[in-house]
Number of protein chains: 2
Amino acid sequence: MAILVVGHKNPDTDTIASAIAVADLFSKRGQEAKAISQGEIAPETAFVLEKFGLAAPEIVTDATDQQIILVDHTDISQTIDNLDKAELIAVVDHHKLGDVTTSNPLEMWVWPVGCTGTVIKSMYDFYNIEIPANVAGILLCAILSDTVMFKSVTCTDQDKAAVEALAKIAGVDDVMALGMEMFKVKSAVDGASPEELVFRDYKDFDMSGNKVGIGQLEVVDLSMLDAHKEALQAEIEKVKADGRHSVFLLLTDIMKEGSEMLIASDDAAVVEKAFGIAPNGTSVYLEGVMSRKKQVAPNFIKAFEA
Amino acid sequence: MAILVVGHKNPDTDTIASAIAVADLFSKRGQEAKAISQGEIAPETAFVLEKFGLAAPEIVTDATDQQIILVDHTDISQTIDNLDKAELIAVVDHHKLGDVTTSNPLEMWVWPVGCTGTVIKSMYDFYNIEIPANVAGILLCAILSDTVMFKSVTCTDQDKAAVEALAKIAGVDDVMALGMEMFKVKSAVDGASPEELVFRDYKDFDMSGNKVGIGQLEVVDLSMLDAHKEALQAEIEKVKADGRHSVFLLLTDIMKEGSEMLIASDDAAVVEKAFGIAPNGTSVYLEGVMSRKKQVAPNFIKAFEA
């Protein structure tokens with residue numbers, strides 16, 4: 001029975017590309033492995049997979065009695081159902097360490113870099129295994145996506161070096177042109193429902209016992225969202241009402257490098273506690289804030305602890 | 001301020017050697033780091049450090065406001081005090097994944113091998129940093145100790161390859177002779193109090209909400225312990241009475257490759273649940289069982305879940 005390689009719920013390009021690459025790498029190391037997904041892939045990911053001729057992983061949401069490798073997360077709230085009834089044999093990630101635990105020794109590759117794809121590039125090198133051109137292509141896109149084309153504060157020199165090496169393997173001549181093409185697909189908001197937009201890149205966190213959701217929409221120009229803001233606010237109020245303390249939606253302008261955050265919360269004072277800026281009604285503009293992982297989630301975690 | 005590199009409570013040779021080596025490695029990578037210990041080193045470790053001319057790390061037990069690297073554990077019950085008030089920047093380990101979490105991305109090197117020293121050898125190679133001869137010597141001893149000179153079920157080919165490479169760097173001609181010398185120091189029981197013997201290699205676990213302690217004494221011949229068993233049983237009963245559900249003491253015969261386990265428990269039926277053998281009073285012999293990490297702790301964790 002193949003090991004299942006799975007990323008987080010609400011899969012993004014990094015989670016899907018990493019699952020496919022790690023399945024390839026482990027299979028070539030002699031442990032047959034298969035990438036799965038916990039849900040439908042996003043439009044950006046569909047674009048990337050099609051570009052490099054790869055199929056979307058099968059959707060599997062139950063880990064019972066399986067051998068599992070996690071990519072791109074270690075939080076129980078973001079992971080496959082019944083992970084506690086599975087055997088977790090490896091983790092490849094670039095986030096904070098979450099609350100997943102194991103009862104047996106395992107393999108973990110976790111680095112503080114901008115993208116899981118960057119870690120996987122080094123794993124291929126470490127095990128001296130050649131990266132297939134199409135896998136290099138999707139890992140390259142994952143890094144461009146997660147680092148917002150190197151603009152995110154999470155981006156490191158290792159991410160840039162990985163993109164350079166992967167571009168050669170994938171035969172991509174103009175990395176930035178590919179990135180812009182990808183972000184235009186990601187930015188497309190017209191025709192999508194408010195629910196689709198809120199959950200396009202959404203994660204639930206446990207913060208000091210409070211369930212807190214944070215979504216993020218990255219666009220090339222915030223004005224694209226003007227016609228949608230009212231409906232997005234109503235949607236996050238609805239999501240909050242379903243047993244959450246707060247739901248925040250980051251509207252990130254990747255060219256201006258800042259985020260407007262929409263707020264639905266039982267106690268909006270946590271926003272000022274977290275960022276030192278009082279919200280204007282249900283919204284606040286956070287200059288320079290582009291990373292949920294490095295700038296938003298840690299500040300809220302601390303604010304909820306205080 | 002230097003990053004502090006720290007292993008588990010009740011430090012063994014792997015935890016101390018790993019702290020010293022990782023501090024060396026991170027310092028050479030440009031992040032000044034210093035090994036510390038959470039307690040007095042064991043006689044075996046003192047022998048190893050003296051053999052290779054290294055000093056025991058300073059004892060520091062409070063992590064408040066420090067930058068921390070953990071080696072050889074990820075369990076809160078085994079870690080330095082106030083880790084939640086510190087910044088955890090890296091983990092190097094070879095155990096199951098415990099309940100330590102972080103609020104920021106970090107670096108983790110965790111492999112299912114016999115010893116943290118084996119992981120560290122690969123880290124030096126990965127970062128292309130030369131291992132000093134004395135550091136190679138203590139890492140080599142750590143691997144011999146943790147794998148019981150390659151006899152433990154936790155021992156992998158990677159551990160054996162690491163020892164071979166480290167022996168060359170350290171200038172050790174006869175690895176097994178050094179191992180036997182080390183185990184004789186470790187086995188010395190005369191002159192030690194029952195408390196010293198129980199805590200020589202002891203760990204507390206949280207098992208489904210129950211506090212469970214497991215100690216281990218490795219000797220070259222079980223009969224060395226005959227005169228001590230009664231006192232050891234009384235000592236683990238005392239440790240159990242201090243808020244624990246159970247305390248188990250493994251008396252491991254490294255030549256016969258099996259362990260007698262002394263039992264102090266609120267519900268001794270967990271022993272039969274875990275190993276399928278009914279204890280004879282407060283003791284049971286477990287043929288082939290030498291590893292707390294891979295054979296004893298996982299079985300008890302499952303038995304407590306049932």
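Within the bounds of the stretch B:78-86, is there any residue that is in contact with a Leu (Cβ under 7 Å, 6 or more places away or on another chain) and of a type in the set (S, T, N, Q)? There is at least one residue in the stretch B:78-86 that is in contact with a Leu (Cβ under 7 Å, 6 or more places away or on another chain) and of a type in the set (S, T, N, Q). Of the residues making up the stretch A:125-175, those that are surrounded by fewer than 21 Cβ atoms within 10 Å (Cβ to Cβ), under 20 Å from the mean Cα position of the chain (by Cα) and not hydroxyl-bearing (Ser, Thr, Tyr) are A:149, A:150, A:151, A:153, A:157, A:158, A:160. A Cβ distance below 9 Å, combined with a sequence gap of six or more or placement on separate chains, defines the contacts here; from the stretch B:66-81, residues that are basic (Lys, Arg) reach no residue that is in a strand (DSSP E or B). A count restricted to the stretch A:205-219 and to residues that are without any contact (Cβ under 8 Å) to a residue 40 or more places away in the chain and closer than 17 Å to residue A:148 by Cβ stands at 3.
Note on the stretch A:226-306: enclosed strands (runs of 3 or more DSSP E) holding 3 or more residues that are crowded, with 20+ Cβ neighbours inside 10 Å are A:246-253, A:258-265. Only helices (runs of 4 or more DSSP H) whose full extent lies in the stretch B:147-204 are considered here, and the ones with at least 1 residues that are within 21 Å of residue B:288 (Cα to Cα) and in contact (Cβ under 8 Å) with a residue 60 or more places away in the chain are B:175-187. In the stretch B:38-60, the residues that are among the polar types (S, T, N, Q) form Cβ pairs under 6 Å with partners that are surrounded by 19 or more Cβ atoms within 10 Å (Cβ to Cβ) and part of a helix (DSSP H, G or I), at six or more places apart or across chains, as follows: B:45/B:13; B:45/B:16. Considering only residues in the stretch A:189-225 that are open to solvent by less than 30 Å² (accessible area, probe 1.4 Å) and of a type in the set (Phe, Trp, Tyr), the one that is farthest from residue B:101 (Cα to Cα) turns out to be A:202.
Kindly check whether there is at least one residue in the stretch A:241-253 that is of a type in the set (A, V, I, L, M), within 14 Å of chain B (Cβ to nearest Cβ) and more than 14 Å from residue A:213 (Cβ to Cβ). I'd like the intermediate steps shown before the answer.
At the first step, the residues of the stretch A:241-253 found to be of a type in the set (A, V, I, L, M) are A:241, A:247, A:249-251.
In the following step, the residues that additionally are within 14 Å of chain B (Cβ to nearest Cβ) were identified as none.
Scanning the stretch A:241-253, I find no residue that is of a type in the set (A, V, I, L, M), within 14 Å of chain B (Cβ to nearest Cβ) and more than 14 Å from residue A:213 (Cβ to Cβ), so the answer is no.
Among the residues of this structure, residue A:120 counts as one that is in the same structural domain as residue A:62 (by TED's automatic domain parsing), surrounded by 23 or more Cβ atoms within 10 Å (Cβ to Cβ) and outside any loop (DSSP other than H, G, I, E, B). Residues in the stretch A:37-91 that are part of a strand (DSSP E or B), surrounded by 19 or more Cβ atoms within 10 Å (Cβ to Cβ) and more than 14 Å from every other protein chain (Cβ to nearest Cβ): A:37 alone.
If I ask for residues that are open to solvent by 20 Å² or more (accessible area, probe 1.4 Å) and farther than 17 Å from residue B:133 by Cβ, which ones from the stretch B:7-26 would you list? Selection gives B:9, B:10, B:12. Quick check on my filter: what residues within the stretch A:24-40 are within 18 Å of the chain's Cα centre (by Cα) and aliphatic (A, V, I, L, M)? Correct list: A:35, A:36. Filtering the stretch B:231-251 to residues that are under 29 Å from residue B:180 (Cβ atoms) and without any contact (Cβ under 8 Å) to a residue 40 or more places away in the chain leaves B:231, B:232, B:236, B:251.
Filter the stretch A:102-136 for residues that are without any contact (Cβ under 8 Å) to a residue 12 or more places away in the chain and within 8 Å of another protein chain (Cβ to nearest Cβ) and give the result. Give the derivation first.
Of all residues in the stretch A:102-136, those without any contact (Cβ under 8 Å) to a residue 12 or more places away in the chain come to A:103, A:105, A:125-126, A:128, A:130.
Matches in the stretch A:102-136: A:103, A:105, A:126.
In the stretch B:92-101, of all residues being in contact with a strand residue (DSSP E or B) (Cβ under 6 Å, 6 or more places away or on another chain) and charged (D, E, K, R), the one that is farthest from the other protein chains (Cβ to nearest Cβ) corresponds to B:93. Testing residue A:131 on (1) out of contact with any strand residue (DSSP E or B) (no Cβ under 9 Å at 6 or more places or on another chain); (2) in a helix (DSSP H, G or I), one condition comes back false. Which one is that? With respect to (1) out of contact with any strand residue (DSSP E or B) (no Cβ under 9 Å at 6 or more places or on another chain); (2) in a helix (DSSP H, G or I), residue A:131 is out only on (2).
The values are calculated or read from the model by the stated rules, or taken from the named source; none is laboratory data. This is a predicted model, so every value here is computed, not measured. As a convention, Cβ positions derive from the backbone with ideal geometry for all residues, glycine included, and neighbour counts pool all protein chains shown. Ligands, DNA and RNA are stripped out before the accessible areas are found, and what is left, the full protein with its side chains, is counted by its heavy atoms. Shrake-Rupley method; radii C 1.70, N 1.55, O 1.52, S 1.80 Å.
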